[in-house]
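Undergrad: Once you've had a glance at the structure underneath, I'll fire off some questions.
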Amino acid sequence: MIKFDVITAQQYAREGKLEAWIHTYLNTGYWANRGLSEGLARQRRWWVGPIEMELADLVRACGPEAGMEYRAITMGR
């Protein structure tokens, strides 16, 4: 069984197998997101990491707001 932790991700990255680790993660467990895995597999990716970065350095690209690169559609209640 593959562990889903930073140490194991770094090991897979050193072996050139990070993409396999990512797809296994995205298709396993209660957190599975097969749609994201399938979307990522549609074109070649270059993976860097895992790396540490400041949270402030991340820029949000998805959400319900008009102007988001990946706009989430929310359902009415």
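Undergrad: Size of the dipole of the chain about the Cα centre, Lys and Arg at +1 and Asp and Glu at -1 on the beta carbon, nothing else charged, in debye to 20?
TA: 340
Undergrad: Once the Cβ-Cβ distance between LYS3 and CYS62 is put in as r, and R0 is 22 Å, what FRET efficiency do you end up with, to the nearest 0.05?
TA: 0.20
Undergrad: Sticking with this structure for a sec: How big is the chain by Rg and Dmax over its Cα atoms, in Å?
TA: Spelled out, the Cα radius of gyration and Dmax of the chain are 15.1, 47 Å.
Undergrad: Can you work out the FRET efficiency for the pair ARG34 and GLN11, with r the C-beta to C-beta distance and R0 = 30 Å, to the nearest 0.05? Could you put the intermediate results ahead of the total?
TA: Values: r = 24 Å, r/R0 = 0.81.
The computed FRET efficiency comes out at 0.80.
Undergrad: Right, here's the next one. Calculate one ³J(HN,Hα) per residue across region 7-13 by plugging θ = phi - 60° into the Karplus curve 6.51 cos²θ - 1.76 cosθ + 1.60, and present them in order as whole Hz with x for glycine and proline.
TA: Whole-Hz 3J(HN,Hα) from phi for region 7-13: 4, 5, 4, 5, 4, 4, 5.
Undergrad: Return a whole-number percent for the relative contact order of the chain, with Cα pairs under 8 Å and 6 or more residues apart as the contact set.
TA: Value for the chain: 18 percent.
Undergrad: At most 16 other Cβ atoms within 10 Å and a DSSP loop assignment: could you name the GluC sites (Glu not before Pro) in the chain that fit? Present the calculation step by step, with values, prior to reporting the outcome.
TA: Numbers: sites: GLU15, GLU19, GLU38, GLU52, GLU54, GLU65, GLU69; in loops: GLU15, GLU52, GLU54, GLU65, GLU69.
Those satisfying the criteria are GLU15, GLU52, GLU54, GLU65, GLU69.
Undergrad: Divide by every residue of the chain the summed helix terms, -39500 (n - 2.57) for each DSSP H run of at least 4, and state the resulting mean residue ellipticity at 222 nm, rounded to the nearest 500 deg cm²/dmol.
TA: My calculation for the chain gives -9000 deg cm²/dmol from helical runs alone.
Computed from the coordinates by the stated procedures, all read-outs in this text should not be read as laboratory data. Nothing here was measured: the structure is a model prediction, and the numbers come from that model. A quick note on method: Cβ atoms are made from the backbone with ideal geometry, for glycine too, and the neighbour counts reach across all protein chains shown.
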